[in-house]
Amino acid sequence: MTAQPFAIAQRVSDWQALHGRHDLPWQNTTDPYRVWVSEIMLQQTQVSTVMAYFDRFMARFPLVSTLAAATQDEVLGLWSGLGYYSRARNLHACAQAVVQTHGGAFPRSAAQLAELPGIGRSTAAAIASLCFGERVAILDANVRRVLSRALGFGGDLAQAAQARALWDAAQALLPQQDGDAPEGFSMQRYTQGVMDLGATLCQPRQPRCVSCPLADICVARAQDRVQDYPLRTRKLKRSAQQIWLLWLTDASGAVWLDKRPTPGVWAGLYCLPVFDSEAALLSAAAKWSRAAAPMPLPVFVHVLTHKDLHLHPWKLSLAKTPRAEGDAASKGQWVPAAQWPGLGLPAPVRRLLEAG
């Protein structure tokens, strides 16, 4: 790497001060609540997508106590479209834990933060370092890429022992005492900087090495093997699932929505009734109306991280508002047209309803 101790930490800290991102809505604060919400939203989601959601979320839930007091439906409603809805459920549970267990104040150490619902090791370290200056390493997907390339770390990160070894290497890059720290080093700038490097320069494809502050000490670049890092041999296989959706409307424009069970696809969200076959959908539709038949709409694909959902919507417009019976009555309800936009809906269902 380099003979100079903490060279990577110093270079990244200095680079961030001059060239890193400084205008994101969750930056320029040491408020752990704002940092925490942004970190959870940014998991597997691009910054450009998160920005609008973050502002709306903060306007509705300005304090952790406000979030803790909300209903899960309110939280999922504001989260709708961001995907990975377990994040929203964990966010709500975590806010309640902070209020109930910690008196509304976030713990100040990464170790304590990691004990809260939905906060993993890297997120805990990000909050502790950005808000409280704790000298603890983060290792999200962007940072794994930056450090494995810079250090030439060739261990297979699909193996737990190798993943722990990279964590150890990341921690060793940080000065642990003030006397060890290079002049001008800032833990907050380093943490933000190493994330910025991964997001803006050290990208998975076409990294901008000529602009990188680590270019001359990057092992992967010296080897001309940048694309070989990080190494992860075990990859999740993609799968596909066929889903039939029954879109029921009444004369007033209300739509029938079920609440999805947990666990499962779209757990906890409101959704059009879901079926695993066309025959099952048609059988259910017949129970709502013998006089009218549902009409098939174009099939479309909704892409999840490791699964393609092939969605088959059928629409049935009813002249009256019939009462549901049996299993349907226990799972769903008629929701007026003015109200369903505020509910937590799966993104493809929301788009379908908005298209009318």
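From Pro294, Pro313, Pro348, grab the single residue that is surrounded by 13 or more Cβ atoms within 10 Å (Cβ to Cβ), modelled with pLDDT of 90 or more, in contact with a Lys or Arg (Cβ under 8 Å, 6 or more places away or on another chain) and not basic (Lys, Arg). Walk me through how you get there before you give the answer.
Numbers: Pro313 fails: in contact with a Lys or Arg (Cβ under 8 Å, 6 or more places away or on another chain); Pro348 fails: in contact with a Lys or Arg (Cβ under 8 Å, 6 or more places away or on another chain).
Of the residues listed, the single one that is surrounded by 13 or more Cβ atoms within 10 Å (Cβ to Cβ), modelled with pLDDT of 90 or more, in contact with a Lys or Arg (Cβ under 8 Å, 6 or more places away or on another chain) and not basic (Lys, Arg) is Pro294.
Determine whether Ala285 is more than 30 Å from the chain's Cα centre (by Cα), modelled with pLDDT under 95 and crowded, with 18+ Cβ neighbours inside 10 Å.
yes
Just one of Arg135, Arg149 is buried (at least 23 other Cβ atoms within 10 Å of the Cβ), modelled with pLDDT of 95 or more and among the basic types (Lys, Arg); which is it?
Arg149
Out of (1) aliphatic (A, V, I, L, M); (2) under 23 Å from the mean Cα position of the chain (by Cα); (3) over 17 Å from Leu130 (Cα atoms), what's the single condition that is false for Leu197?
It is condition (3) that Leu197 fails.
Which pairs do you get when a residue that is more than 23 Å from Asp216 (Cα to Cα), found in segment 147-168, comes within reach of a residue that is loosely packed, with under 14 Cβ neighbours inside 10 Å, reach meaning Cβ atoms under 6 angstrom, with the pair 6+ apart or on two chains?
Every condition considered, the pairs that remain are Asp156/Thr233; Ala158/Thr233; Ala158/Arg234; Gln162/Asp156.
Return yes or no: is Gly344 outside any strand (DSSP E or B), more than 30 Å from the chain's Cα centre (by Cα) and under 27 Å from Val75 (Cα atoms)?
When the stated conditions are applied, Gly344 does not pass them.
Return only the number of the condition from (1) farther than 15 Å from Leu245 by Cα; (2) surrounded by 13 or more Cβ atoms within 10 Å (Cβ to Cβ); (3) in contact with a strand residue (DSSP E or B) (Cβ under 9 Å, 6 or more places away or on another chain) that Pro336 does not satisfy.
Just one mismatch for Pro336, condition (2).
Do we have any residue at all in segment 36-56 that's of a type in the set (Gly, Ala, Ser), part of a loop (DSSP other than H, G, I, E, B) and out of contact with any His (no Cβ under 9 Å at 6 or more places or on another chain)? Steps first, please.
So in segment 36-56, the residues of a type in the set (Gly, Ala, Ser) come out as 38, 48, 52.
Applying the additional criterion that residues be part of a loop (DSSP other than H, G, I, E, B) yields none.
No, because not a single residue in segment 36-56 is of a type in the set (Gly, Ala, Ser), part of a loop (DSSP other than H, G, I, E, B) and out of contact with any His (no Cβ under 9 Å at 6 or more places or on another chain).
The values are calculated or read from the model by the stated rules, or taken from the named source; none is laboratory data. Computed from a predicted structure; not experimentally measured. Here Cβ is always computed from backbone atoms with ideal geometry, including for glycine, and neighbour counts include all displayed protein chains.
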